[in-house]
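Let me give you the structure first, and then I'll get to my questions.
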Amino acid sequence: MKRTVSTRSDLDDSEEASRSSTSASKRWSGAAIYKTKFQESWIKKWPFVQPVKTNIHQFYCTTCSKNISCGHQGEADIVRHSSSEQHKSNAKSLRANTKLNFQPITRAEVKVTNLLVQHNVPLAVTDHLSPLFREIFTDSKIAKGYASAPPHFKATLVDTMRCSPFSVAIDGSNDNGLEKMNPLTVRFFDEGSGLVVTNLLDMCLTTGKAESIFTKMNEVFTNNGVSWDHCIGAGVDNTSVNLGVRNSIRTRVLQKNPNTYFMGCPCHIVHNTALKASSKFAELTKFDVEDLLVDNYFYFDKSTERKNGLAEFCTFCDSQYKEETNNRFQRLRQLYTNPMTEVYLYFYQACLQPFVHLNTLLQRNDPIIGIVANQLIKFLKTLLGKFVCVRSIKEADHLTTVSYTTRENQLDDNALHIGFSTRSLLRKLLDEGDISPQQVNNFYRAVRNFYEEATSYSIANLPLHDEVLECAKFVTFDARETALFSQVEFFVQRYPNLLPFTSPSEMTLLSEEFTSFQLLDREDVPKKVWESAVITMDNETNICQHRMDLIWAYLGSVKSLDGTFLYGRLAKVAQLVLVIPHSNAEEERVFSLITKNKTSFRPSLMLDGTLSSIIQVKLANPEPCFKYEPTKEVIKTAKKATMTYNRAHTSGASQSESM
């Protein structure tokens, strides 16, 4: 046999080749990690996999309820896991179980949550609702699966703002914290219900400066993808922060949309008118009705015996005694021993009626923009009629040009409107010698001061020459015959992007619809529509007040025989006009809701969290809680939110236990 001899160099080459082969095998071993990322296409191929938001190199197995790495070999990792005994066992168990229908359970959860929100029930009650329902309704499958779930309405509001005209309202809270609540509410026409509704968009926690408030408003709009072009009006009160000529919310909003309408709040103006007039009245009489209220409060507040006496007096007068009152009183003895005090109170009872009537009207929740102009003129005419001769009022070109301060144009003392009871009491006290003629003359001078100051302040501050209010009259059904097409045209020209009827052909069709609207009779609108639109009814006069939004919702749905809408264009214009705010009373209602919800039972509600969500739910659901029916989308979202919350808190609890 032939022997093979290896040289030294051959051995060296062999060892080097062996070492290189060994290092290569180690470098490409199966333990390598390639950092494979999760692919969305895997979900279609393997329905049980879901992405993990916190780690792109993992997938979540819904069958096994755990995260698994896919960073090694990607799809091969999924195949390897699906072939494991644990996964097969879990999948077999799921197939054997009957699928539960959670929709009725979640529906019950949403409805009960709405009940808690609507009636200001402490949220801690929910901890006992689930076991209580299961104990009471032992045969109910829904009760057995009950657990709380919160609804959410903000997404629907934002979608509406993106495609429809709306107005906003904002007002600052009067607290003294580092941040003020500036609830931003949105007013829009809801096509589903045919109503103009108001919902809360954001709580807007800022300081009280105009710059910070507008910055927060603009931030909310930007984050939700809402354009200022759709904002047709803004409801604010009359402070310089809101309506100042420079550096105000108004100036900043108009930079975004020059056509946004600002009127201020006539409710505040009417209140301030009465306040200014009362101050003038007190200059001569030395009688301040607010001091009287302060005196009475402190007199009764600290004495149980006096409270009992007041309760007995209320029982004698067949009126209800309220233990907690907001009226504050001071210096009672001097006021009640003065016989003129009763005269002053009778006068206030008579003269404040026009103020109360107008203020109550302007606080209505339904859209009344079409009657505001006439009501303001009526209020001014009523004030002038109290102390000015009818001849002087008629001779003036306009109510604002009446020479009401001239003594010759005013009524005599015995003709001044002070109220029948006031005049009777005044004569009685004078005849019995309880008061002097000088006191009577001084009283009449004070009355003239009251009416003059009220008229002066009203003319200077009320929007008596507002073009928007004048043109909005056409939306009132009973004013259709005296309305002008130029009023409709005004809004088309002001908001061309939202009302695309500026072309000659469209304007002609709009004019024809307007003429057809003017020719309508009241009977052309079905009786059931009028009945559904009733707001209030005076039983003595049988006079009804109706919501114009429901009337225009019906007119916008009327079709001709060929299937076209008879008032389609005109209804769009009217519905836009009805969205314009007529006061800022809605913001005050929001603060009232906040007070009722952030109580001593719920003192720690986050202003921009839970409290904001509660107010959103309340404004979005004005009907009674037992009539609320959540949509399928709300039920689905509520269940998903509950599962996410439970999963997060379960994982957090398990981590704390392991630590």
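Kindly indicate which of Phe420, Phe387, Phe379 is within 21 Å of Val447 (Cβ to Cβ) and touching a strand residue (DSSP E or B) at 6+ places or on another chain (Cβ under 6 Å). Working first, answer last.
Values: Phe420 fails: touching a strand residue (DSSP E or B) at 6+ places or on another chain (Cβ under 6 Å); Phe379 fails: touching a strand residue (DSSP E or B) at 6+ places or on another chain (Cβ under 6 Å).
Going through Phe420, Phe387, Phe379 in turn, the sole match is Phe387.
Go through segment 162-182 and give me each residue that's touching a Lys or Arg at 6+ places or on another chain (Cβ under 8 Å) and at pLDDT 90 or above.
If the condition is that a residue be touching a Lys or Arg at 6+ places or on another chain (Cβ under 8 Å) and at pLDDT 90 or above, then Phe166, Ser167, Val168 are the ones that fit.
Filter segment 334-362 down to the residues that are surrounded by fewer than 19 Cβ atoms within 10 Å (Cβ to Cβ) and either outside any helix (DSSP H, G or I) or hydroxyl-bearing (Ser, Thr, Tyr) (or both) and list them by number.
Tyr336, Thr337, Asn338, Pro339, Thr341, Tyr348, Leu352, Thr360
Taking segment 201-216 as the region of interest, how many residues are in a strand (DSSP E or B) and within 18 Å of Asp237 (Cβ to Cβ)?
Of the residues in segment 201-216, 1 are in a strand (DSSP E or B) and within 18 Å of Asp237 (Cβ to Cβ).
I'd like to check something: does segment 30-43 contain any residue that is basic (Lys, Arg) and either at pLDDT below 85 or more than 53 Å from the chain's Cα centre (by Cα) (or both)?
For segment 30-43, residues basic (Lys, Arg) and either at pLDDT below 85 or more than 53 Å from the chain's Cα centre (by Cα) (or both): present.
Only one of these conditions is not met by Pro367: (1) in a helix (DSSP H, G or I); (2) surrounded by 22 or more Cβ atoms within 10 Å (Cβ to Cβ); (3) touching a Lys or Arg at 6+ places or on another chain (Cβ under 8 Å); (4) of a type outside the set (Lys, Arg). Which number is it?
For Pro367, the failing item is (1).
What are the pairs with Cβ atoms under 6 angstrom where one residue, in segment 554-574, is modelled with pLDDT of 95 or more and the other, located anywhere, is in a helix (DSSP H, G or I) and surrounded by fewer than 17 Cβ atoms within 10 Å (Cβ to Cβ)? Sequence gap at least six, or different chains.
Hits for this filter: Tyr554/Val529.
Name the residues in segment 370-379 that are surrounded by 20 or more Cβ atoms within 10 Å (Cβ to Cβ) and over 17 Å from Val534 (Cα atoms), would you?
Val372, Ala373, Leu376, Phe379 - these are the residues of segment 370-379 that are surrounded by 20 or more Cβ atoms within 10 Å (Cβ to Cβ) and over 17 Å from Val534 (Cα atoms).
With (1) in contact with an Asp or Glu (Cβ under 8 Å, 6 or more places away or on another chain); (2) hydroxyl-bearing (Ser, Thr, Tyr); (3) closer than 27 Å to Val492 by Cα as the list, and Thr260 as the residue in question, which single condition is left unmet?
(1)
Counting only residues that are in a loop (DSSP other than H, G, I, E, B) and surrounded by 17 or more Cβ atoms within 10 Å (Cβ to Cβ), how many does segment 471-505 have?
Selection size over segment 471-505: 6.
Against the definition (modelled with pLDDT under 65, in contact with an Asp or Glu (Cβ under 9 Å, 6 or more places away or on another chain) and part of a helix (DSSP H, G or I)), how does Lys307 come out, yes or no?
When the stated conditions are applied, Lys307 passes them.
The values are calculated or read from the model by the stated rules, or taken from the named source; none is laboratory data. Computed from a predicted model, the values in this text were never measured in an experiment. Heads up, the Cβs are rebuilt from the backbone with ideal geometry, glycines too, and the neighbour counts pull from every protein chain shown.
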